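What follows is one structure encoded as structure tokens, with my remarks underneath.
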Amino acid sequence: MIVLINGEWTEDWQPVQKEDEAGRFIRQTSSFRHWITPDGQPGPTGVGGFKAEKGRYHLYVALICPWASRTLAVRQLKGLQKMIEVTVVNPALSNQGWQFGGFDGADIDTINGVQFVHQLYTQVDPNFSGRATVPVLWDKKTGTIVNNESADILRMLNTAFSELVPSEIDLYPSGLAADIDALNAMIYTNLNNGVYQAGFATTQMAYEEAYQQVFATLDSLEQRLSDHRRYLFGEQLTETDIRLLVTLVRFDAAYYGLFKCNRNLIKDMRYLHAYMLRLLAIDGIATTVNLAHIKAGYYSIKALNPNGIVPLGPKNI
């Protein structure tokens, strides 16, 4: 479902973006795919001109959102807090999507002074058609959106600022690149997005198909970690760990109940649960997780929870 058509808001926000003939949830592709690079030359997609500079760029994020939260985690790991500041939106989805302020820990927009995220999109393109998503990586110098695809943002934060903020952490080492890409694809399709396909399915068949993929993937990852490796690729922390973490931390609080992924909790999976806690213990990572925002956000989805009742539990991850 498209809610911005030629720059005009058309109807109340709904979670299902598109579905196929079998009732499967289909996620919208991202619209802005430019890259920050050390010298401002073009990245893998988009145009050039976005040079790594202190204070030039800004991240708009939702702490409920796993895609946005993984960019925050990489920002912490790479020590980019002083390079790129952050604005956190209200976790409860309004009839016009993401909005600013009005919730503990949510910010007003001091960069552009707008009320809703969709206004950032139409500020850049008055004729924009599509959905206004987070994260948004914003260029204050030119007043435009650099990128709204979290997978791209992870990669650019890993390398773009290395000359300004040296780091020993490389989340996408060349020797593991092919393996990282393959495992990323499996985890994204079956788990990161799979929980949404279960939660937003409109037929029993589509739900059960997604449910089986979610738990087959969790079982595979549990087995992978059963040899007591520290991370998914042994002792090397990679972006794949961050991409998995953001789903694991939301699972028991939201996906288990609201999305009907209820075979078992992550807490019931010995190795995955211990692995999740190891990642959260890395300096700064836990600060990117806010359980109050996660529960308030997911349980504000009227299509799945029309009365808006937010569960009291769980109290912790």
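The values are calculated or read from the model by the stated rules, or taken from the named source; none is laboratory data. This is a predicted model, so every value here is computed, not measured. Please note: Cβ atoms are built from the backbone with ideal geometry, for glycine as well, and neighbour counts cover all protein chains shown. All accessible areas refer to the heavy atoms of the entire protein, side chains included, with ligands and DNA or RNA removed. Shrake-Rupley method; radii C 1.70, N 1.55, O 1.52, S 1.80 Å.
Of note:
- Test: Gly194 is in contact with a Lys or Arg (Cβ under 7 Å, 6 or more places away or on another chain) and crowded, with 20+ Cβ neighbours inside 10 Å: no
- Looking across the stretch 143-168, the residues that are closer than 25 Å to Leu93 by Cα, within 18 Å of the chain's Cα centre (by Cα), open to solvent by 10 Å² or more (accessible area, probe 1.4 Å) and not hydrophobic (A, V, I, L, M, F, W, C) come down to Glu149, Asp152.
- Which listed residue is in contact with a strand residue (DSSP E or B) (Cβ under 8 Å, 6 or more places away or on another chain) and assigned to a helix (DSSP H, G or I), from Ala68, Ala73: Ala68
Residue by residue, here is whether (1) at positive phi; (2) open to solvent by 70 Å² or more (accessible area, probe 1.4 Å) holds:
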| site | (1), (2) |
| --- | --- |
| Lys260 | yes, yes |
| Lys267 | no, yes |
| His273 | no, no |
| Asp283 | no, yes |
| Val289 | no, no |
| Ala296 | no, no |
| Tyr299 | no, no |
| Lys315 | no, yes |
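- Hits in the stretch 95-112 - residues which are open to solvent by less than 40 Å² (accessible area, probe 1.4 Å) and either more than 12 Å from Tyr60 (Cβ to Cβ) or not in a loop (DSSP other than H, G, I, E, B) (or both): Gly97, Gly101
- From Lys78, Lys140, residue being open to solvent by less than 40 Å² (accessible area, probe 1.4 Å), at pLDDT 95 or above and among the basic types (Lys, Arg): Lys78
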